[in-house]
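Just below is one structure, and these are the notes that go with it.
The values are calculated or read from the model by the stated rules, or taken from the named source; none is laboratory data. As the structure is a computational prediction, the values presented were derived from the model and not from experiment. Cβ atoms come from the backbone with ideal geometry, glycine included; neighbour counts cover every protein chain shown. All accessible areas refer to the heavy atoms of the entire protein, side chains included, with ligands and DNA or RNA removed. Shrake-Rupley method; radii C 1.70, N 1.55, O 1.52, S 1.80 Å.
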Amino acid sequence: MQKVRRVISVIVMNESSVLARVTSLFAGRGYNIDSLTVAPIPDSELSHITIVTKGSPKVIEQIIKQLHKLIPTLKVIEHEEMVEKEMVLIKFPIGENLSNIQALCSAYNGGIVNVGVDMVIAMASDEPNRIRHFIEAAHRYNPCEVVRGGVVAIER
Amino acid sequence: MQMSGAQMVCEALIAEDVKTVFGYPGGAIMNVYDEIYKQNAFEHILNRHEQAAVHAADGYARSTGKVGVAMVTSGPGFTNAVTGLATAYMDSIPMVVISGQVPLSLIGTDGFQEIDAVGISRPCTKHNYLVKSLADLPGILKEAFYIARSGRPGPVLVDIPKDITAEMGEFVYPKEISIPTYKPNYKGNDRQIKKAAEAIKRAKKPLLYIGGGAVLSNASDLVRELAEKTQIPAVETLMARGVMGAKNPLLLGMLGMHGNYASNMAMSETDLVISLGARFDDRVTGKLSEFAKYADVIHVDIDPANIGKLVDVDYPIVGDIGTVVEKLLPALDGVNTDNYRAWREILNRYDELHPQSYQDSDEVLKPQWVIERVGELLGEDAIITSDVGQHQMWAAQHYPFDRPRQWINSGGLGTMGFGFPAALGAKRGNPDKTVINITGDGSILMNVQELVTASEYKIPVINIILNNHFLGMVRQWQTFFYDKRYSETDLSFQPSFKALAEACGGIGYDVTTKEEFDAALKDAIEQNKVCFMNVAINRLENVLPMVPSGGALYNMLLEHKDQ
């Protein structure tokens with residue numbers, strides 16, 4: 001069956017071991033996690049988990065049902081119409097062409113965020129597939145480290 | 001009121017009306033055991049192994065419908081309990097297991113008898129807790145019982161560090177409980193129920209497919225009423241034996257790998273599956289693509305994750321079996337029972353063609369005879385537990401189960417060693433009933449230490465060991481599919497089961513003939529003591545019919561040349 005990519009938002013109680021419950025569910029049932037982000041929801045006892053996963057429609061349906069079945073899960077949102085954003089940090093040697101790097105970053109809603117003695121750190125934030133393009137484009141400037149932040153999403 | 005965490009545990013158990021706790025003490029849980037010593041509101045049964053304690057609580061829960069309670073210490077006490085938790089989890093049994101843990105300050109230091117209990121038990125409990133503050137303890141205990149028994153039931157673990165059971169604090173046990181993230185849906189969608197009723201009225205060959213959920217929901221009477229009102233034939237899963245009642249003319253039997261011919265053919269030819277609390281387990285469906293190939297499916301289940309998991313469903317209904325069937329009944333007013341007459345006749349002919357039967361013998365005892373004989377003598381008065389293997393299937397096939405909660409076995413996990421401790425729990429919960437554990441010479445040794453528990457507490461469980469000197473079910477597969485290479489299944493070397501029982505304060509019988517069996521069973525019931533009835537049966541007897549693993553349900557082996 002055709003595998004589809006899905007972004008699933010899970011609203012859970014912000015309590016210890018809740019993330020372990022979510023990830024061990026994926027591990028134990030052999031589901032994939034492409035990316036995962038977690039943060040508390042302001043002014044509440046809740047956390048927002050965003051999971052990007054791939055699977056057949058049947059598997060996606062099971063994932064959603066199993067996530068919902070966890071006792072601390074309040075809500076599972078799976079929507080095709082999500083606004084998705086991801087951020088990435090890249091470290092370049094200081095000898096690279098900094099104005100080109102700056103220009104590249106601004107095309108992806110970013111810029112140079114830190115300059116040290118022998119390196120600069122650049123940031124971009126955009127849709128996940130644009131972030132992929134950004135990383136590809138950044139390759140010509142010999143990046144020494146790339147850290148992706150994982151997808152966050154919100155219903156449109 | 002000020003009290004210690006250990007006292008709070010006892011007070012909570014009393015508030016939950018717990019009468020019996022099964023367990024085993026140890027370092028990290030000693031504070032609680034000290035409080036157990038001081039109280040008289042509930043009894044504690046000292047099983048001789050933590051696994052057995054959890055199975056006993058499980059058997060208690062299955063036979064009474066109440067939440068079973070077990071208590072163990074940290075580390076090995078807890079890891080021994082894991083098989084019991086997993087067994088209960090797979091069969092959705094309401095249970096609360098309380099485990100001791102090393103003090104909070106030692107957690108994460110590889111302390112003596114420290115193990116990550118919530119980590120290990122996460123996939124085999126409905127929910128679990130590590131108590132991190134005394135203030136949380138009363139609320140957690142209340143939640144544990146509520147979660148265990150509500151929705152789709154299941155075991156809940158509460159892991160309590162030793163310093164928390166020692167600490168003093170204010171005890172207020174919550175009266176009401178509401179967990180905003182946990183709201184099981186019992187009611188079922190009215191529109192879906194109506195649509196399902198219309199589908200039933202339109203169907204030509206409908207079939208009730210009844211699972212363990214009908215037992216857990218105490219919906220047996222309603223399910224019988226549904227069958228009688230519509231005259232729709234029914235098949236039961238292993239977990240549902242007793243729901244329809246053995247004498248019910250609409251019951252075709254058990255379906256699945258060792259189901260009878262008529263049941264499996266009914267599932268293969270039906271045009272509408274009405275699934276009530278069943279979960280389309282692989283031992284039931286055989287090859288999925290061939291399962292109920294011509295049918296639409298109505299699936300009623302309290303767990304939405306069960307619906308559409310394996311089989312595509314046309315009429316999904318999330319809800320409690322009893323509540324949904326109660327709504328379905330009036331929606332089926334005016335159903336024409338003649339619509340299904342031809343279908344019933346076809347199925348009756350299938351049953352006449354290949355009835356559930358066996359070849360009896362004058363030379364050697366047949367296990368099927370033994371089970372039918374127990375059924376003749378005790379019928380619906382007995383509670384039957386079983387271990388796992390051939391004897392389990394023979395019992396499920398041949399015992400005339402007449403009521404729910406009469407048949408107790410590990411269906412989902414298939415845990416050898418379950419039957420004897422589960423029988424102890426069942427007997428404690430039902431002191432007026434005769435409790436018989438049908439077991440094998442392999443399984444019984446997996447919790448044989450419970451002879452001591454049974455003797456000490458005078459729990460007169462009758463263990464009928466169907467002894468073929470083989471690990472029979474594996475041996476059967478080796479005969480059928482591995483060219484008779486009997487790798488590690490020959491159990492010719494055995495203890496004297498009679499002497500073993502006697503050594504532990506019980507009674508032993510060696511039985512080789514029908515007369516001896518009758519005499520032994522009569523004596524065992526009169527003696528009112530735990531006993532081992534070592535019954536020598538035909539060594540190479542097979543469980544038939546059999547759907548080979550992965551095969552289509554309609555391709556049954558009905559006989560085997562070695563039989």
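Things to note:
- Probe 1.4 Å, accessible area per residue of segment B:2-170, Å²: 33 Å²
- CD proxy at 222 nm, helix term only [per DSSP H run n ≥ 4: -39500 (n - 2.57); per residue of the protein assembly as shown; nearest 500]: -10500 deg cm²/dmol
- Count Lys and Arg as plus one, Asp and Glu as minus one, and take only other residues whose Cβ is under 15 Å from that of B:Gly111; the net charge is then -4.
- Across the cross-link table entries A:Lys65/B:Lys309; A:Lys65/B:Lys132; A:Lys65/B:Lys293, which are compared at the Cα atoms, the separations over 18 Å belong to A:Lys65/B:Lys132; A:Lys65/B:Lys293.
- Extension gain from B:Asp17 to B:Lys247, taking 0.36 nm per residue of separation minus the Cα-Cα distance: 79.2 nm
- Between the helical axis of A:57-69 and the longest alpha-carbon principal axis of chain A there is an angle of about 70 degrees.
- Proximal aspartates and glutamates to B:Lys458, defined as alpha-carbon separation beneath 12 angstrom and excluding residues fewer than eight positions away on the same chain: B:Glu450
- Other residues lying with their Cβ under 15 Å from the Cβ of B:Pro174 contribute a combined charge of -4, Lys and Arg counting +1, Asp and Glu -1.
- Extension gain, B:Asn336-B:Asp518: 0.36 nm per intervening residue step, less the Cα-Cα distance, totals 60.8 nm.
- Going from the chain on its own to the full set of protein chains, segment B:155-182 has these residues losing 40 Å² or more of accessible surface (heavy atoms, 1.4 Å probe, no ligands, DNA or RNA): B:Thr181.
- Separation in nanometres of the label points that stand 7 Å from Cα toward Cβ, at B:Glu526 and B:Asn40: 3.7 nm
- B:Tyr482 versus B:Glu225: modelled label distance in nm, points set 7 Å from Cα along the beta carbon direction: 5.0 nm
- The contact between chain B and chain A removes approximately 1500 Å² from the accessible area (both sides summed; 1.4 Å probe; ligands, DNA and RNA excluded).
- Under the simplified labelling scheme, the B:Leu104-A:Arg140 pair shows an inter-label distance of 5.8 nm, with each label point 7 Å from Cα along Cα→Cβ.
- Exceeding the 32 Å Cα-Cα cut-off - candidates B:Lys514/B:Lys561; B:Lys427/B:Lys514; A:Lys58/B:Lys484; B:Lys19/B:Lys529; A:Lys75/B:Lys195: A:Lys58/B:Lys484
- Proximal charge balance of B:Leu553 [Cβ under 12 Å; K/R count +1, D/E count -1]: 0
- Here the calculated FRET efficiency for B:Ser357 and B:Asp136, from their Cβ-Cβ distance with R0 = 60 Å, stands at 0.55, rounded to the nearest 0.05.
- Reachable lysines from A:Lys85, criterion Cα separation under 20 angstrom, eight or more residues apart if same chain: A:Lys54
- Virtual paramagnetic centre 7 Å along Cα→Cβ of B:Asn555, amide N under 17 Å, in segment B:469-491: B:480-482
- The mean accessible area for residues of segment B:421-547, using a 1.4 Å probe and ignoring ligands and nucleic acids, is 40 Å² per residue.
- Between the Cα long axis of helix A:98-107 and the first principal axis of chain A there is an angle of about 30°, rounded to the nearest 10.
- Theoretical gain in end-to-end length, A:Leu98 to A:His79 [0.36 nm per residue, Cα-Cα removed]: 2.9 nm
- Straight-distance crosslink candidates among lysines, where the alpha carbon sits under 22 Å from B:Lys194 and sequence neighbours closer than 8 are dropped: B:Lys204, B:Lys205, B:Lys229, B:Lys327
- Apolar share of the accessible surface for the protein assembly as shown: 52 percent from carbon plus sulfur atoms, 1.4 Å probe.
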